[in-house]
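Heads up, the thing below is written out as structure tokens.
The values are calculated or read from the model by the stated rules, or taken from the named source; none is laboratory data. Because the structure is a prediction, the values reported are computed rather than measured. For neighbour counting, all protein chains shown are included, and Cβ atoms are generated from backbone atoms with ideal geometry for every residue, glycine included.
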Amino acid sequence: MSMNSKRAAAVMALIAALTLSAHARERKLRLRLTNDDRKAIVESVFSDRFDELNAKTSKPNILNDCLHQVLNDETVAFISTNNIERRFVLKIAGVHFEFMTPDEIKKGVKASYRHCLFEFTRFEVAGSAVMVDFSKLLGRAPYFYSEIFRYEFTKVAAKWQRKYIGSVISES
């Protein structure tokens, strides 16, 4: 084997070792969420933005036309069970939560459902962070209108730290 071949083989081995090391570090940094983690994140989002998400948008929008239902002096909020479990949602004074499965939501849209629905449309581990989209949705067949609040969560000293990224209003 010539000197150039040996150098080339050594360089290739070094590149392979560095690549494997980088992949191992990336896998190690990837979070594994427990139910307690998910619950803490959901509680943080509800405590921060639920009132704001239920408020009227600053610009004219169909989401301002959601019907508001009251049951026993509590405002009814419809919550999708997509990406979360019912037990993750904390109790909020003056709010009665009605939980809906994805199938119940589809049926509601077909029946010209006029109530807004709240949903964690994104709950995704991205490296060492958790990306969360909490949405206010209104289905008016054939469209879905939404206001989405975006967050990034990171765990610091065993506590979840929330970073509010912003909101987006969309129609799909």
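Test each condition in (1) modelled with pLDDT of 85 or more; (2) crowded, with 19+ Cβ neighbours inside 10 Å for Ala126 and report the one that comes out false.
(2)
Within the set of pairs 6+ apart or on separate chains, which have a first residue in the stretch 152-166 that is touching a residue at least 40 places away in the same chain (Cβ under 8 Å) and assigned by TED's automatic domain parsing to the domain that holds Ser128, a second that is assigned to a strand (DSSP E or B) and of a type in the set (D, E, K, R), and C-beta atoms under 9 Å apart?
Taking only residues 6 or more apart or on different chains, the pairs are Phe153/Arg162; Phe153/Lys163; Arg162/Glu152; Tyr164/Arg150; Tyr164/Glu152.
Checking Leu90 against (1) under 16 Å from Ser44 (Cβ atoms); (2) in contact with a Ser or Thr (Cβ under 8 Å, 6 or more places away or on another chain); (3) assigned to a strand (DSSP E or B), which test does it fail?
Of (1) under 16 Å from Ser44 (Cβ atoms); (2) in contact with a Ser or Thr (Cβ under 8 Å, 6 or more places away or on another chain); (3) assigned to a strand (DSSP E or B), only one is false for Leu90: (3).
Of all residues in the stretch 138-172, which are more than 23 Å from Val125 (Cβ to Cβ) and part of a strand (DSSP E or B)?
Answer for the stretch 138-172, where residues must be more than 23 Å from Val125 (Cβ to Cβ) and part of a strand (DSSP E or B): Leu138, Gly139, Arg140, Tyr143, Phe144, Tyr145, Glu147, Ile169, Ser170, Glu171.
Which members of the stretch 37-83 meet the condition of being assigned to a loop (DSSP other than H, G, I, E, B), at pLDDT 85 or above and in contact with a helix residue (DSSP H, G or I) (Cβ under 8 Å, 6 or more places away or on another chain)?
Correct list: Thr81, Asn82.
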